[in-house]
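Chemist: Have a look at this one before I ask anything.
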Amino acid sequence: MSTNTAVDEAVAKLTGPGGAFEIATVPVHGVPLRVFATAPKSLRDLWLIGAARGDVPYLIYEDDVITYARAHEMVCSLATWLDANGVRKGDRVAIGMRNYPEWAIAYWAIQSLGAISVSLNAWWIADELKYALSDSGTSVVIVDGERLDRLSDDLLREVGVRHAVVVRGTARPGVATWSDVTADRAATVSDVDIAPDDDATILYTSGTTGFPKGAVGSNRNHITNVWNGLFRAALNAALADPSTPRTGVKRQPKALWTFPFFHIAGVTGVSVAPATGGALVTQYKWDPADAMRLIEKHQVTQISGVPAVIRSMLEHPDYDKHDLSSLATISQGGSPVPPDSIARIESDFSGKVSPTNGYGLTETTSAVVGNAGRAYFGKKDSVGQPMIGTDIRIVDEEGNDLPLGSIGEVWIQSPMNVRGYWNKTEATEKSFTNGWFHSGDAGYVDEDGFLFVVDRIKDMVIRGGENVYCAEVEAAVFEHPSVADCAVFGVPHPTLMEEVALVVVPKDGNCETDTNSLVAHLKGRLAAFKVPSHVFWTTEPLPRNATGKVLKKDLRETYAAK
C-alpha cells in the first residue's frame, strides 16, 4: 500500500464506484479476484474499438503502412474465410511467422470468431512445430513461407490440420494464399457470444528441457493486461503538476516493437495499440541502425525489447547520428535489466524519457509488476510494484510466507494468471495453488512494496552452501567499461559442489582484456564467494532463445570442461 496520500486519493478516484477504472471483486475460475468492471468483455470487443479508428495508421512494417480501416477489412475477410472452412468458437488456429503485419491481422480474425489463437515460435524446427500443432489440436495454420517449408503435407495431415494459408511465400497445391483469404473487402463478421473467461490464446512456454507447455490465456487475461497500461497512464496524468505548461502537438503513440509476436510481450504490443489508437512498427529482424532510422522517420514514441536489444541500440556507433527526440518511453523486459542501462537512459535523455520495466511470465499474461519513470530512476534494480488487482507472496520451499526482505520464491495471484496448461493437468496442479502461480523466480519485497527478482531458482549457483544469484553478479559485471555482454552460471566443483563462472563479450572485440581488472572491479562490489572463479572471454554472441534469454545450459556444457 502506498504511503503517498496523493497517489492513494488518485487511485481511489479512478478505481472507485463510477470511476473510469472501477474495480469489482468477481470469481474467476473459483477464486475471488479484483478486476476492471467496465473493461471490454472480449478481445473481439477490443478490436472493434480499434477498427473504429478508420484511417489512423495501425501497422508499420519497415516503411509500409496499414490503417485500422484497411486492417479491419482484412480481419473481416479472413474471419469469413475461416468460418466458411469450419472454424468455430473454441477451435484452435495457429499463427507462425515473423513480425509481419499479417500476424496481427490473423490474430484479430481468430479472436473475432471466439476461436483460440495458437502462437508458433518462429525459431522452431519441424518436430517442434509438429508437437505444438498436435498438442493444441490445431485445425488451421496461417504461416509465412519460411514456416511452410518446414511443414510438409504429410506432417500437416498427421497432426490433423485441415487447412493452411501462406503469407509472404509461395503456395503449393492445397495451400491458400493470403491474397485469397483477404480479398473480400465487403465481408463482415457475424456476432458471437464471448465471455471474459473464455479461452483466447495458447502460448507455449520457453522451457529449457523437453517440449514446452501451452499456457491457456483467457479474454480477461489479455484485456486486464491492456487495461493495466491504460490505468497507469491515467494515474500518471492525474498526478501530473497542473501548473506545468504543455507544449507541442499531441502525437499518435507509435511503438517500435522488437519482441516477437509469438511471445506474450509481442501479443501485448498487438493488443495495446487498438486501445490507445497507437501504431505498431516492426522489422524483418532486429537491426539497431535501421531501428534508429525508423524512430527518426516515423517519430516513434516508444521502443520495447529485451535488454540486449536496447543495449545494442544505445551502444551502436551511429547512436549519436540520429534524432531520437520523439522517444518518450524505453521499455525493457524478458530478462533482468542491468541497472547501468537505466542510468544510461537517464543520462542520455536528461530524464525526459521514461524507462519502464515489467515483470511477468507467459503464465501471467505479461507484466503483473511494473517500474517506470522517476520511481525506476530511484530503484534501478527493482522490477517495481504489483499492478492493480495483483498480489505477490514470497514463500519458502513449503509455501510458507517469508518476512519483508527475505528471499524466497515469488508467487503471484492476479486476474492475468492463465487457467493452466493445455491438456496437462499434473503440470497445472504443480504450478498453481488456489489461484497462486509459482513463478520459479527467487525474489524479495522491500518496505516500500517494491519487488526485486534476483534469479531463476534453478539458475541460482550454490557455492559451498552459499546462494549466488546470477542476476546480481551480472549487474555488477555490466558496470565495467570493457563489457558489452555477459552471463553468469555455475560449473561443477568437487568440494564446493559449484563454482561461479562468467563469460564476457568485450566491447572492443579484444579478448586480451585484463581479467584482473574485471575481478578487482567485482571484488569492490560483491562478497568474495560471489566473485567468479572462472572468467572466459569470447567474441561470439552469447546463445539466446527467440525471446532474448541467454541459454545458460548451453554455456555450462561449453565451458564446464574448461
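Coordinate-derived values only; no laboratory data. None of the values given here were measured: they were computed from a predicted structure. Note that each Cβ is placed from the backbone with ideal geometry, even for glycine, and that neighbours are counted across all protein chains shown.
Chemist: Pop the C-beta distance of residue 240 and residue 12 into the FRET formula with R0 = 22 Å and round what comes out to the nearest 0.05.
Modeler: Efficiency at R0 = 22 Å is approximately 0.80.
Chemist: Place a +1 charge on the Cβ of each Lys and Arg in the chain and a -1 charge on the Cβ of each Asp and Glu, then give the dipole magnitude about the Cα centre in debye, rounded to the nearest 20.
Modeler: Details: 52 positive and 68 negative charges, 169 e Å.
Rounded to the nearest 20 debye, it is 820 debye.
Chemist: Taking the Cα atoms of region 383-531, what is the range of coordinates along each of the three principal axes, in descending order and whole Å?
Modeler: Extents along the principal axes: 53, 36, 32 Å.
Chemist: Continuing with this model, one more query. Loop only per DSSP, at most 16 neighbouring Cβ atoms within 10 Å: give me the trypsin sites (Lys or Arg not before Pro) in region 27-97, ordered by residue number.
Modeler: For trypsin sites (Lys or Arg not before Pro) across region 27-97 that sit outside H, G, I, E and B with at most 16 neighbouring Cβ atoms in 10 Å, the list reads 41, 88, 89.
Chemist: What is the distance, in nm, between label points placed 7 Å from the Cα along the Cα-to-Cβ direction at residue 84 and at residue 424?
Modeler: Simple spin-label model gives 3.8 nm for this pair.
Chemist: Which whole-number percent is the relative contact order of region 463-559 (Cα, under 8 Å, 6+ apart)?
Modeler: Working: 144 pairs, mean separation 27.7, N = 97.
With pairs under 8 Å counted, the relative contact order is 29 percent.
Chemist: Stokes-Einstein D for region 463-559 at 10 °C, 1.306 mPa s, Kirkwood Rh over Cα pairs, in µm²/s? Please report the intermediate quantities before stating the final value.
Modeler: Values: Rh = 13.7 Å.
My calculation gives 116 µm²/s for D.
Chemist: Could you work out the equivalent-ellipsoid semi-axes for the chain, taking the square root of 5 times each eigenvalue of the Cα gyration tensor, largest first, in whole Å? Provide the component values of the computation, followed by the final result.
Modeler: Numbers: eigenvalues 265, 159, 131 Å².
Value: 36, 28, 26 Å, ordered largest first.
Chemist: If you line up the long axis of helix 264-276 against the longest principal axis of the chain, both from Cα atoms, how many degrees apart are they, to the nearest 10?
Modeler: Once rounded, the angle reads 60 degrees.
Chemist: If the cut-off is 19 Å between C-alpha atoms, which lysines fall inside it for residue 250, apart from same-chain ones fewer than 8 positions away?
Modeler: 297, 352
Chemist: Which three extents, in angstrom, do the Cα atoms of region 250-373 have along their principal axes, listed largest first?
Modeler: Here the spans come out as 40, 30, 29 Å, largest first.
Chemist: At 0.36 nm per residue, and after removing the present C-alpha to C-alpha distance, how many nm does the segment from residue 157 to residue 448 gain when stretched out fully? Intermediate values should be presented prior to the final figure.
Modeler: Details: separation 291, 0.36 × 291 = 104.76 nm, distance 5.58 nm.
Taking residue 157 through residue 448 to full extension adds about 99.2 nm, to one decimal.
Chemist: Calculate the FRET efficiency for residue 172 and residue 293 from the Cβ-Cβ distance with a Förster distance of 25 Å, rounded to the nearest 0.05. Please report the intermediate quantities before stating the final value.
Modeler: Numbers: r = 36 Å, r/R0 = 1.44.
The computed FRET efficiency comes out at 0.10.
Chemist: Whole-Hz ³J(HN,Hα) for each residue in region 456-467, computed from phi via Karplus 6.51 cos²θ - 1.76 cosθ + 1.60 with θ = phi - 60°, x for glycine and proline: what do you get?
Modeler: 6, 4, 6, 8, 5, 9, 10, 9, x, x, 9, 7
Chemist: What size of dipole, in debye to the nearest 20, comes out for region 43-217 about its Cα centre when the only charges are +1 on Lys and Arg C-beta atoms and -1 on Asp and Glu C-beta atoms?
Modeler: Numbers: 16 positive and 25 negative charges, 31 e Å.
Dipole of region 43-217, to the nearest 20 debye: 160 debye.
Chemist: Mind listing the Cα extents of region 43-217 along all three principal axes, in Å, largest one first?
Modeler: Dimensions of region 43-217 along the principal axes of its Cα atoms: 44, 37, 30 Å.
Chemist: Taking 0.36 nm per residue of separation and subtracting the Cα-Cα distance, what length does fully extending residue 402 through residue 538 add? Don't skip to the end; give the middle numbers.
Modeler: Numbers: separation 136, 0.36 × 136 = 48.96 nm, distance 4.03 nm.
Result: 44.9 nm gained on full extension.
Chemist: Using 1/(1 + (r/R0)^6) with R0 = 22 angstrom and r between the beta carbons of residue 519 and residue 347, what's the FRET efficiency to the nearest 0.05? Spell out each step's value before the answer.
Modeler: On the way: r = 27 Å, r/R0 = 1.22.
It comes to 0.25.
Chemist: Now, a different point. Once amide H atoms are built 1.01 Å from N in the peptide plane, which residues 5 or more positions from residue 356, or in another chain, come under 5 Å H to H?
Modeler: Residues meeting the criterion, in which the H sits 1.01 Å from N, are 330, 331, 332.
Chemist: What number, in nm² with one decimal, is the all-direction average of the projected area of the convex hull of the alpha-carbon atoms of region 140-182? Before the final figure, lay out the partial values.
Modeler: Details: hull surface 10.7 nm².
If I average the Cα hull's projected area over directions, I get 2.7 nm².
Chemist: I'd like the per residue volume of the convex hull spanned by the Cα atoms of region 1-115, given in cubic angstrom. Don't skip to the answer; put the middle values down first.
Modeler: On the way: hull volume 20.8 nm³, N = 115.
Cα convex hull per residue, to the nearest whole number: 181 Å³.
Chemist: Right, another one. A 27 angstrom limit on the alpha carbon distance is what I want to check against. Which of 380/549; 424/553; 130/254; 458/523; 285/562 exceed it? Mind dumping the intermediate values first?
Modeler: Numbers: 380/549 20 Å; 424/553 25 Å; 130/254 36 Å; 458/523 25 Å; 285/562 34 Å.
Violating the 27 Å Cα-Cα cut-off are 130/254; 285/562.
Chemist: Run the helix sum for the chain: -39,500 (n - 2.57) per DSSP H stretch of 4+ residues, divided by residue count, reported at 222 nm to the nearest 500 deg cm²/dmol. Kindly include the intermediate steps, with their values, before the conclusion.
Modeler: Values: 18 runs with 177 residues, N = 562.
Helix-only estimate at 222 nm: -9000 deg cm²/dmol.
Chemist: Throw me the Rg/Rh for region 319-449, computed over C-alpha atoms with Kirkwood Rh, two decimals.
Modeler: So for region 319-449, dividing Rg by the Kirkwood Rh gives 1.05.
Chemist: If you don't mind, another one. DSSP beta bridges in the chain, what fraction antiparallel, as a percent rounded to 5?
Modeler: Approximately 60 percent, going by the DSSP bridge assignments.
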